[in-house]
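The values are calculated or read from the model by the stated rules, or taken from the named source; none is laboratory data. No experiment lies behind these values; they were computed from the predicted model shown. Note: ideal-geometry Cβ built from the backbone for every residue, glycine included; neighbour counts use all protein chains shown. Just the protein is used for accessible areas: all its heavy atoms, side chains included, with ligands, DNA and RNA removed. Shrake-Rupley method; radii C 1.70, N 1.55, O 1.52, S 1.80 Å.
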Amino acid sequence: MIARLNSPDYDRWAAQVHRTGGCRQPIHLRGKVDHYDRATGQLLHRYTTRNEPDGVLRLPCKTRRASRCPACAETYRADTYHLIRAGLAGGKGVPETVTTHPTLFVTLTAPSFGAVHARREQSGKVLPCHARRDADTCPHGRVMSCTTKHGTDDPRLGEPLCPDCYDYTGSVLFNALAPLLWKRFADSLRRHLAKLGGLALKDLRHHLTVSFAKVAEYQRRGVVHFHAVIRLDGPGGPTAPPPAWATADALTQAVQHAAHVVSAPAPAYDEDPARLFKWGAQLDIRPITLTGDLTDQAVAGYIAKYATKAAECVGTLDRRINPLDNLDAYNLRDHAKRLITECLRLGAIEDLADLRLTQWAHMLGFRGHFSTRSRHYGPTLGDLRAAREAHARNHDITTGRLPLFDEDTVLVISEWQYAGKGHSTGDLLLVAALTGTPAPERRL
């Protein structure tokens, strides 16, 4: 750290840190970019990393996981917020008239795989976890009752009352089949809307478009459930209003129908029969309005919060696990370790190979995208990043870092080589001081 502070190129290094937003694990690139006049072959501008600190250019890692890089994850969260809100209130290419379209906030949950410790509240008062006067004793000798009033940070939240009774196989298989269950839910939703409108399914797109954006959230017990914004548009997307019969009540009825009828089968293997998975009994459907408890800002903020998280809340790792790894060497909760072990066990079964449970053991079997959107919902993350890049380029031209020229008349030749990533321990302390972000904890 002292050597970096006394380095003659410290100011340039600090500028790179600020341009990466305080990224904890920046990508190091070595190379150059040349701009040539297409007509004359004259070199108009050259950038090279030879004069940069350590001879490299540092770029943000752009990860979405807050556990790896809080700075880049915050950018991802903000982009997701604006993406979701634009589809609710307009902006960024979406007309403001979209606020008049029927829109619901839907939460699809997982079924129960066994009793777990939970924090329960009623009228602002914390209730006992599982208070049972005549509680049964499970086959393993544990009384299925808990009178503790758990705090929000209680490490027992999500842990089974009896781990030996908990259906770890069902939990893992549900996570693996959750993307298929969502696809069938969306298909059933469109079929029921077509029925309500007296249309054939193939003709629905000429009258109505179902637009959605969803995010997957891990519950403390280790299963995913989906939060989705579902909106009804006219043909082609948000620029046209939906037909008069496509109301919020019709959408609510279609969501309720689809959530209760769809299912996803898990194949039979060894001596275990095939299983059928459905959504849980808890289904939350609420309209989104510009005023009230559930506004566009509240929904966008709620969904964006989960854009930077994965299964870390369950106590698992944020990277892939090798089947040969010794799980006892990691600081894992017992519940998470059992889920990972079950993924590895099922992943070795040939009949379940298509579920790729071994590759997604760190995600407890879930192999879908954390966030997806339909084509017509609104802007994409790529659109927001392209606008940011254009702004950065215009800023460089305005400040003289890049010459102004017509892109059609210039040939750009780039040569880049990967040179590593991350900061030294001393540099990390300086990054924390420069950007106001906390330094990462050292893990032994």
Item to check | Kyte-Doolittle mean at least -1.0, axial Cα span of 27 Å or more - DSSP H helices of the chain | outcome: 70-89, 168-196
Checklist entry - Using θ = phi - 60° and the Karplus form 6.51 cos²θ - 1.76 cosθ + 1.60, what ³J(HN,Hα) does each residue of the stretch 215-231 get, whole Hz, x for Gly and Pro? => result 9, 9, 10, 8, 7, 4, 7, x, 10, 8, 9, 10, 9, 9, 9, 10, 10
Checklist entry - Just in the stretch 171-270: which chymotrypsin sites (Phe, Trp or Tyr not before Pro) are loop by DSSP and have at most 16 other Cβ atoms within 10 Å? => result 245
Checklist entry - Among 27-36, 103-112, what's the highest-first ranking by average C-beta atoms within 10 angstrom per residue? => result 103-112, 27-36
Checklist entry - What does the charge dipole of the stretch 121-266 about its Cα centre add up to, to the nearest 20 debye, if the Cβ of each Lys and Arg holds +1 and the Cβ of each Asp and Glu holds -1? => result 320 debye
Item to check | Cα-centred dipole magnitude for the chain, charges only on beta-carbon of K, R (+1) and D, E (-1), debye, nearest 20 | outcome: 340 debye
Checklist outcome for this item: In whole percent, the fraction of accessible protein surface over the stretch 117-200 that belongs to carbon or sulfur atoms, probe radius 1.4 Å, stands at 47 percent
Item to check | Cβ-based charge dipole, the stretch 311-389, positive-most Cα from 353, 374, 332 | outcome: 374
Checklist entry - Around residue 104, with a cut-off of 9 angstrom between Cβ atoms, what is the net charge of the other residues, counting Lys and Arg +1 and Asp and Glu -1? => result +2
Checklist entry - Taking the C-alpha atoms of the stretch 124-242, how large are the radius of gyration and the largest Cα-Cα span, Dmax, in Å? => result 21.6, 62
Checklist entry - Using alpha-carbon positions, what is the distance between the centroids of the stretch 263-306 and the stretch 164-235, in Å? => result 8 Å
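Which value, in Å², gives the accessible area per residue of the stretch 305-375 when a 1.4 Å probe is used on the protein heavy atoms?
Ligands and nucleic acids excluded, the figure is 51 Å² per residue.
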Next on the checklist: Give me log10 I(q)/I(0) at q = 0.09, 0.12, 0.21 Å⁻¹ for the stretch 191-341, Debye formula, one equal scatterer per alpha-carbon, no solvent.
Outcome noted: -0.46, -0.75, -1.37
Checklist entry - Cα-based Rg (one decimal) and Dmax (whole number) for the stretch 244-310, in Å? => result 17.6, 55
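Taking the Cα centre of the stretch 252-332 as the origin, how large is its charge dipole in debye, to the nearest 20, when only Lys and Arg (+1) and Asp and Glu (-1) carry charge on their Cβ atoms?
In total the dipole reaches around 300 debye.
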Checklist entry - Could the peptides 411-420, 326-335 be put in order, highest first, of the mean number of other beta-carbon atoms found within 10 Å of their residues? => result 326-335, 411-420
Item to check | FRET efficiency estimate (nearest 0.05) - Cβ-Cβ, residue 375 to residue 112, R0 25 angstrom | outcome: 0.10
Next on the checklist: Just to confirm my numbers, what's the Cα centroid distance between the stretch 342-396 and the stretch 59-81 in Å?
Outcome noted: 14 Å
Checklist entry - Considering the dipole of the chain built from charges on the beta carbon (Lys and Arg +1, Asp and Glu -1) around the Cα centre, which of 20, 387, 135 is farthest to its positive end? => result 135
Item to check | Calculated Rg and Dmax of the chain using C-alpha coordinates, Å | outcome: 26.0, 90
Checklist entry - Taking the Cβ-Cβ separation of residue 142 and residue 121 as r and a Förster radius of 25 Å, what is the calculated FRET efficiency to the nearest 0.05? => result 0.50
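Return the loop-located trypsin sites (Lys or Arg not before Pro) in the stretch 391-428 (DSSP other than H, G, I, E, B) with at most 13 other Cβ atoms within 10 Å of their own Cβ; answer none if there are none. Could the numbers behind the result be given before it?
Values: sites: 393, 401, 421; in loops: 401.
For trypsin sites (Lys or Arg not before Pro) across the stretch 391-428 that sit outside H, G, I, E and B with at most 13 neighbouring Cβ atoms in 10 Å, the list reads 401.
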Checklist outcome for this item: Residue-ordered couplings for the stretch 236-245, obtained by feeding phi - 60° into the Karplus form 6.51 cos²θ - 1.76 cosθ + 1.60 and rounding to whole Hz (Gly and Pro as x), are x, x, x, 6, 10, x, x, x, 4, 6
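Taking Rh as the Kirkwood radius computed over C-alpha pairs, what is the Stokes-Einstein D of the stretch 1-136 at 4 °C in a medium of viscosity 1.567 mPa s, expressed in µm² per second?
Here the translational diffusion coefficient equals 60 µm²/s.
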Checklist entry - Among the lysines, which have Cα under 22 Å from the Cα of residue 214 when same-chain residues fewer than 8 positions away are ignored? => result 62, 92, 183, 278, 305, 309
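Hey, can you find the accessible area per residue of the stretch 53-170 for me, probe 1.4 Å, expressed in square angstrom?
49 Å²
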Next on the checklist: Let's test the formula: R0 of 25 Å, r as the Cβ-Cβ distance of residue 399 and residue 34. What FRET efficiency results, to the nearest 0.05?
Outcome noted: 0.75
Checklist entry - Around residue 103, which amide H atoms from residues at least 5 apart in sequence, or from another chain, sit under 5 Å from its own amide H, with H modelled in the peptide plane? => result 288
Checklist outcome for this item: Checked the stretch 393-435 against the a/c 1.5 cut and the a/b vs b/c comparison, axes a ≥ b ≥ c from its Cα gyration tensor; verdict oblate
Checklist entry - Largest first, what is the accessible-area ranking of 309, 214 with a 1.4 Å probe? => result 309, 214
